[in-house]
1. Looking at Ala276, Ala255, which one is outside the structural domain of Pro164 (by TED's automatic domain parsing) and either surrounded by fewer than 17 Cβ atoms within 10 Å (Cβ to Cβ) or at pLDDT below 95 (or both)?
2. Give me the pairs, please: first residue somewhere in the stretch 347-367 and exposed (fewer than 13 other Cβ atoms within 10 Å of the Cβ), second residue anywhere and among the acidic types (Asp, Glu) and in a loop (DSSP other than H, G, I, E, B), beta-carbon distance under 8 Å, and either six or more positions apart or on two chains.
3. Hey, can you tell me all the residues within the stretch 137-169 that are part of a helix (DSSP H, G or I) and buried (at least 17 other Cβ atoms within 10 Å of the Cβ)?
4. Out of curiosity, is Arg307 modelled with pLDDT under 90, among the basic types (Lys, Arg) and over 16 Å from Leu351 (Cα atoms)?
5. So, of the residues in the stretch 257-275 that are touching a helix residue (DSSP H, G or I) at 6+ places or on another chain (Cβ under 9 Å) and assigned to a loop (DSSP other than H, G, I, E, B), which turns out to be farthest from Phe234 (Cα to Cα)?
6. Taking into account only those residues within the stretch 6-35 that are touching a helix residue (DSSP H, G or I) at 6+ places or on another chain (Cβ under 7 Å) and under 23 Å from Leu203 (Cβ atoms), which is modelled with the highest pLDDT?
7. Just need a number here: residues in the stretch 322-342 that are crowded, with 18+ Cβ neighbours inside 10 Å and either closer than 27 Å to Gln301 by Cβ or of a type in the set (Gly, Ala, Ser) (or both).
Amino acid sequence: MKAQSPIGDHTSAALHGGNQVSVGQYNERLVISLLRRHGWLTKADLARMTGLSAQTMTVIVKRLTASGLLLSGDKMRGRVGQPSTPFALNPHGAVSIGIKIGRRSLDLIAMGFDGTVLARRTERFAMPDAGATLRLLDANLPALVAELPAEQQKRVIGAGIAMPRSLAGWEAELNLPSGALEDWNDIDIVAEVESRVGARTFLLHDVSAACLAELCFGRGKEIQNFLYLYVGSFVGGGLVLSNQLQTGAHGATAAIGSLPTGLGRDGMPAQLIERASLTGFEAMARAAGRDDPHSFYYGEQDDETIRIFTEWAEDASDSLAFAILATASVLDLDAVVLAGGLPEDRTRDLLRMTRSALDRYNSKGVHLPELHQAEIGITARAIGSAFLPIYANFSLDRDSLLING
């Protein structure tokens, strides 16, 4: 599989100062970022929030409106001075396609410039076979785009893919035959999607994509520095520092699933992925005679399955607390945001247990971050995938002020 796109990789070489073009682009992205965060704002509001002059702001807003990226509202009367016109992001100013390839489902989203979901399609399966997944893309991508008005179809700026870093090699944990997913090793998924969409395509680890969704549309909008934990088939992490997604030079930032949960002197310690992944709960459910534990994620919560989940969560929460404390010992975080492929009430239970487990650890000398439940749950990976092209083209990245030499 192809390496992920360098979104969130803030390492750069041979950098020089910005020129007039890069500064102008940064200012435009700053305006877009503020409108995305706050909604309708006037030019006076934007000038005050950015520190730019009224004349400069008039030029920026005029340019963005002419390009179709902004909408102007009705004049606001009743204030001191002349009536002012508010502006907002135009949901039809740009359209992106999102594809989430999971271990149990395929989600496709068409997203407007303001983050509005314009169209959505979902397919569920027992096994994420590479060939079958490509056939599902062939069946669903054209239909997804066809749901959009003709003018919006012309404004597709790219596609984003969110998927696990590796699908092959995890068959045993997914209760699949050995080697069932090896075909993924021969697939260049970016090239496959790019040929079907006809636009630039970005690839990101699925939990990083979910973290991006929470950063831009969820609780993360109000938090500068946070660790994002996603408890899915396999537990994973994302990291935001100074309001920017971090992925690292190798795309492995916050690969929290690989964190050991003990010391090696007593034998090979289990990794977090073995202790806090939903595959563990599913194995316990099957052992108790539940043939389809996945139905639990979609609302079928009988008393016995809840009991099994609670037993699993008691152990998983202890390991999650260990991981949070270890991370907080290295990074000065404001918060930890917990999400997952679970119903909201069960995610809330897991968060409560994790908070209690954290109290049992010695945290002397460590600033403990606040623990929050994510606002965007099971759909976060799909939403993040759809937002990738918009983020890549219009995000407020400080590196945009610099020029690669």
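The values are calculated or read from the model by the stated rules, or taken from the named source; none is laboratory data. Since this is a predicted model, take the numbers as computed values, not measurements. Cβ: placed from backbone, ideal geometry, glycine included. Neighbour counts: every protein chain shown.
1. Ala255
2. His367/Asp332
3. Correct list: Leu137, Asn140, Leu141, Leu144, Val145, Gln152.
4. Values: modelled with pLDDT under 90: no; among the basic types (Lys, Arg): yes; over 16 Å from Leu351 (Cα atoms): yes.
No: the conditions fail for Arg307.
5. Gly262
6. Arg29
7. Of the residues in the stretch 322-342, 11 are crowded, with 18+ Cβ neighbours inside 10 Å and either closer than 27 Å to Gln301 by Cβ or of a type in the set (Gly, Ala, Ser) (or both).
For (1) closer than 15 Å to Phe387 by Cα; (2) touching a strand residue (DSSP E or B) at 6+ places or on another chain (Cβ under 7 Å); (3) without any contact (Cβ under 8 Å) to a residue 40 or more places away in the chain, each residue gets a yes or a no:
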position: Val31; (1), (2), (3): no, no, yes
position: Thr42; (1), (2), (3): no, yes, no
position: Gln55; (1), (2), (3): no, no, yes
position: Asp114; (1), (2), (3): yes, yes, no
position: Pro128; (1), (2), (3): no, yes, no
